[in-house]
Amino acid sequence: MSYLTLSITLIFVIIPLILSKTFKLGLERDTIIAAVRSIIQLLAVGYVLQFVFNAENAVYIVLMLLLMIGAATQNARKKGASIKGITWKLIVTFLFIEILTQSILLGLDITPPTAQYVIPISGMVIGNSMVLGILFLNRFTAEMETRQNQTELILSLGGTPKQAVHTQLITSIKASTIPTIESQKTIGLVQLPGMMSGQIIAGADPVQAVLFQLLILFLLLTTAVTTSIMLGYLSYPTLFNQRMQFLRESLIRE
Amino acid sequence: MTKAAIEFKDVDYTANGIHILKRITGFFPKGKITTLVGPSGAGKSSLFKLCNGLQTANSGQIYINNKLIEQYAPTVLRRTVGIALQEATMINGSVEKNLALPLTLKGEKLHKELAIELLKVVGLKESYMSRNTQELSGGQRQKLSIARTLVNKPQVLLLDEITSYLTVYPSRTSKN
Ligand SMILES: Nc1ncnc2c1ncn2[C@@H]1O[C@H](COP(=O)(O)OP(=O)(O)OP(=O)(O)O)[C@@H](O)[C@H]1O
Ligand SMILES: [Mg+2]
């Protein structure tokens, strides 16, 4: 596709603009901002990727991955109801999942160790891990807040912090991972996954595209479950002190 | 002072910038029932939580059986100084599950006979055993909460705000 074709596709931006104007929806400003931002951001990513692909230098790949992890951490920290010291816990989680998935993929020779594979797959893994992290943290802090009495009860009877947060932890891990698992049950029936559609449009054999999509889906299962469990087990100790006392104030509320 | 189950020396406690307890000195004698009376918000629950180690005083000393509270491992302290918290919180599930909780936490099981006996001690019928705790009245929950605390065989028993729910009731050391 050329830039000329792209400029013609702006028709799809103009249609909502006209509709918004006619029906006084007041969406013009946001629509324009969204369109401009997506053009700039995606083109920038495109050029960066092109550079990285051409450079064929592992350093750039690693830099790119670190950038993704940094952005994901920043976003999860902002959107996830937070716990003291959450930043490094997020970084450790994302790093761990990235290393885990890539070592399996590359180690077992499932995907080749080139930027074309490593970067997009990492993007999906880290992006999903980020969403899961946000889901998990919001649920976990909410659970901890509403069940303070239960936490205190278990501690008061001689239970450990781990026992005191067990229900809350399991509930939150389940609640945050269920959407990933559930969405995979209906996948393909209603909507073709975006990546697969893209590959098919770009000319790939549909069955090849499906096989690749399956790989991604399975990766995301690992990502979802690992993210929630890791964040959970890294986070709960911060909510207690050495004397096994529950620290309410360590739950930072917006 | 050897006769004190709990002894306080100049205990000060502040939470979230609120000075709750100021220079508390005194003791609860061993083998006796002591009643602690005070208006709402006086700090009775706070004082109990200090004794059970759920909170820590900002200054001063608390001795349990003449041993400084900090010298106990937290879980040991909490089993030695049993507390039936004011809220009488129950975990989801049956009366039996709640009664067994202190032992479940230690990886042990509660024998049926002991469970029945404990219910009897606090005045709950054996038939309540399989009931869901959500079906219990406030007073029944308080009773179950006490029975549950007794499972740990505490040397000191703290009953918080019991009288508002229960008629006179024998215990070991202290209550509100
Ligand atoms: N975590 C906390 N943060 C701030 N203030 C607290 C906290 N816990 C208790 N307080 C305050 O400390 C004071 C004493 O509370 P406490 O629960 O010990 O009173 P109480 O004597 O048990 O009252 P009641 O008879 O109503 O149960 C109250 O004014 C309460 O608002
Ligand atoms: Mg109270």
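The values are calculated or read from the model by the stated rules, or taken from the named source; none is laboratory data. This one's a predicted model, so the numbers in the text were calculated from it and none came from an experiment. In this analysis, Cβ positions are derived from the backbone assuming ideal geometry, glycine residues included, and neighbour counts consider all displayed protein chains. Note: areas computed on protein heavy atoms with side chains; ligands, DNA, RNA excluded. Shrake-Rupley method; radii C 1.70, N 1.55, O 1.52, S 1.80 Å.
Brief remarks follow.
- Cα centroid separation, the range A:19-77 to the range A:146-170 (Å): 42
- For the range A:218-254, a decrease in accessible area of 30 Å² or greater in the assembled protein chains relative to the isolated chain, with a 1.4 Å probe, applies to A:243, A:244, A:245.
- Sum of -39500 (n - 2.57) over DSSP H runs of 4+, divided by residues of chain A (222 nm, nearest 500): -26500 deg cm²/dmol
- Comparing B:114, B:77, B:144 in a Gaussian network model of chain B, where Cα atoms under 10 Å apart are tied by springs, the biggest mean-square fluctuation is seen for B:114.
- Relative contact order of chain B, defined on C-alpha pairs under 8 angstrom at six or more residues apart (%): 26
- Amide H contacts under 5 Å for residue B:15: B:20, restricted to partners 5 or more places along the chain or on a different chain, H placed in the peptide plane at 1.01 Å from N.
- Angle between chain A longest axis and helix A:58-79 axis [Cα atoms, degrees, rounded to 10]: 60
- Length, then width, then depth: along the principal axes, the Cα atoms of the range B:95-155 run 28, 23, 18 Å.
- Largest first and in whole Å, the equivalent-ellipsoid semi-axes of the range A:140-254 read 42, 12, 11, each the square root of five times a Cα gyration tensor eigenvalue.
- Integer Hz, Karplus 6.51/-1.76/1.60 couplings in order for the range A:222-227, x for Gly and Pro: 4, 4, 4, 5, 5, 4
- Spatial separation of Cα centroids for the range A:205-254 and the range B:104-154, in angstrom: 37
- Pairing chain B with chain A buries about 1900 Å² of accessible area. This figure sums both sides and uses a 1.4 Å probe.
- Fluctuation leader among A:44, A:224, A:115 - chain A, Gaussian network, Cα springs under 10 angstrom: A:44
- Rounded to two decimals, the Cα-based Rg/Rh of the range B:48-160, with Kirkwood Rh, is 1.01.
- Cα long-axis angle, helix A:115-146 against chain A (0 to 90 degrees, to the nearest 10): 40
- For the range A:31-44, 3J(HN,Hα) per residue [Karplus equation, 6.51 cos²θ - 1.76 cosθ + 1.60, θ = phi - 60°, Hz, x = Gly/Pro]: 4, 5, 4, 4, 5, 5, 4, 5, 4, 5, 4, 5, 4, 4
- A Förster radius of 51 Å combined with the Cβ-Cβ distance from residue A:221 to residue B:9 puts the calculated FRET efficiency at roughly 0.35.
- In the context of the full set of protein chains, the range A:56-251 has a per residue accessible area of 47 Å² (1.4 Å probe).
- Of the GluC sites (Glu not before Pro) in the range B:71-162, those whose Cβ has at most 16 other Cβ within 10 Å and which sit in DSSP loop: B:108
- D by Stokes-Einstein for the protein assembly as shown, Kirkwood Rh over Cα pairs, 25 °C, 0.890 mPa s: 94 µm²/s.
- Size descriptors for the range A:56-251 (Cα atoms only): Rg and Dmax, in that order, 19.0, 64 Å.
- Amide H within-cut-off set for residue B:27, under 5 Å, with H built and near neighbours excluded: B:8
- Highest-MSF residue in chain A out of A:17, A:221, A:66 [GNM, Cα springs under 10 Å]: A:17
- Measuring between their Cα centroids, the range A:85-102 and the range B:48-91 lie 38 Å from each other.
- Gain upon complete extension [residue A:110, residue A:63; 0.36 nm per residue less C-alpha separation]: 14.6 nm
- At q = 0.12, 0.27 Å⁻¹, base-10 log of I(q)/I(0) for the range B:1-75 (Debye sum, equal scatterers on each alpha carbon): -0.31, -1.45
- Convex hull projection area averaged over all views, the range A:1-55, Cα basis, nm²: 4.1
- Over the residues of chain B, the helix contribution to mean residue ellipticity at 222 nm works out to -8500 deg cm²/dmol, using -39500 (n - 2.57) for each DSSP H run of at least 4.
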